[in-house]
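Trainee: This is the structure I have questions about; it appears just below.
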Amino acid sequence: MTAELLARSRAGDGEAFSQLVEPYRHELQVHCYRVLGSLADAEDLLQETLLAAWQGLVGFEERCSLRSWLYRIATNRCLNWLRAANRRAPVEASHLPVEPPGPTRLGEVTWLEPYPDGLLDGAFPLEPGPEVRFEAREVISLAFVTALQLLPPRQRLALILRDVLGFRAAEAAAMLDTTEESVTSALKRARAAIGNGATTGKRPPSPNSDVERRVLDKLVDAWEEGDVQGIVALMTDDVWVRMPPLPLEYQGPELAGRFLAAVGWREGRGYRLIPAIRANGQPAFGLYQHDPCSDVAHIIGLLVITLTGDEVSAITRFDNSVIARFGLPRTLPRPSHSLTRPS
């Protein structure tokens, strides 16, 4: 069937080409997302990849698999994009309506976007390559995608191609138009910076498990009651609170609590949290703020919660630019009964 579709595609049959590349579409998009950290940019790069593949199909000599050939195109499109990535304009903390406490640090990955789990179907190969070092759940997490963004482009891609996707050194070298020795060197430096895939300490609870539900129920109750100390009590000692595209990052329960109290609950503000599609394999909630002049609440962002064991190890708040992908309404009526919990 693939040979037939390939022949028809080379003859100019667009429908055949769509069928030919469809099995790889989702995993190519996730590949671009890992490299770029932005779903919007990944969607653009996927379209560029498929267009280049359509235009270059006559030159596909079948010396490698179609999948490897498509990954080579996507990888080079990502490299070209990263060379022009300096166009990103920094975001100033002055966008906040109040003066926040001093942050632990200013984050560098202000362009980070969440990836809806609903788009992950078909995103992972049925048979991972022999060199895979990381678990599928780990390599889509916000922490992992953020860490990748801090690597130089070729180190980033060497790590993704070898340790995440499991391509052999020769395959990765062909995709990067370089030597195996260069890939091995880049991979060694990337592993030193990001870790080698070994899991240490407590792991996140299983999705939708009793442990996860219990922690999230407590978090939702505390958030909606304005109980900042209740939120803080759920945090790990090294918890992070982040809010891309703002660069402010707060570490530790004490500083995170001061930030939430000063910015989140100023002037008696109240909120609702509504379960959303999971993001990057992690629980997510629409964050709604009560309107003091009406009986509605307006959405002001998306919260993605990272759990370690039975504690909250990170809260990442994204702005309204991402909510359309998560099926959340813009407004909610004021509830007259208790909220439905995540399931």
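Trainee: Does a label point 7 Å from the Cα of Asn320, set along Cα-to-beta-carbon, have any residues of the stretch 298-313 with amide nitrogen under 13 Å, and which are they?
Mentor: 298-302
Trainee: With each label point set 7 Å from Cα along the Cα-Cβ vector, what nm distance links Leu150 and Arg10?
Mentor: Once both label points are built, they end up 4.7 nm from each other.
Trainee: With runs of 4+ DSSP H residues as the only contributors, calculate the mean residue ellipticity of the chain at 222 nm using -39,500 (n - 2.57) per run, divided by the residue total and rounded to the nearest 500.
Mentor: Details: 11 runs with 134 residues, N = 343.
Calculated from helices alone, the mean residue ellipticity at 222 nm is -12000 deg cm²/dmol.
Trainee: Sticking with this one: Starting from the Cα of Ser294, step 7 Å along the direction of its Cβ; do the same at Glu135; then give the gap between the two resulting points in nm.
Mentor: 4.4 nm
Trainee: Along the positive direction of the dipole of the stretch 210-333 (beta-carbon charges: Lys, Arg +1; Asp, Glu -1; about the Cα centre), which of Leu255, Pro329, Val296 reaches farthest?
Mentor: Farthest towards the positive pole: Pro329.
Trainee: In addition: What is the packing order of peptides 4-11, 250-257, 291-298, taking the mean over residues of other C-beta atoms within 10 Å and listing the highest first?
Mentor: Highest-to-lowest ranking by the protection proxy: 250-257, 4-11, 291-298.
Trainee: Between Asp44 and Arg168, what is the label-to-label distance in nm when each label sits 7 Å out along the Cα-to-Cβ direction?
Mentor: Output for this residue pair reads 3.7 nm.
Trainee: So what's the projected area for the chain, the Cα convex hull averaged over all directions, in nm²? Please report the intermediate quantities before stating the final value.
Mentor: Values: hull surface 76.4 nm².
Computing the convex hull of the Cα atoms and averaging its projections yields 19.1 nm².
Trainee: How many angstrom lie between the C-alpha centres of the stretch 1-78 and the stretch 205-268?
Mentor: Cα centroid of the stretch 1-78 versus Cα centroid of the stretch 205-268: 41 Å apart.
Trainee: Filter the DSSP H helices in the chain by two things, a Kyte-Doolittle mean of at least -1.0 and an axial alpha-carbon span of 27 angstrom or more, and list the hits by number.
Mentor: Qualifying helices, which must be both long enough and hydrophobic enough, are 14-36.
Trainee: Rounded to the nearest 20 Debye, what is the dipole magnitude of the stretch 210-333 about its Cα centre when Lys and Arg each give +1 and Asp and Glu each give -1 at the C-beta? Could the numbers behind the result be given before it?
Mentor: Details: 12 positive and 17 negative charges, 97 e Å.
Value, rounded to 20: 460 debye.
No value in this document is a laboratory result; all are computed from the given coordinates. Please read these numbers as outputs of a predicted model, since none were measured by experiment. A quick note on method: Cβ atoms are made from the backbone with ideal geometry, for glycine too, and the neighbour counts reach across all protein chains shown.
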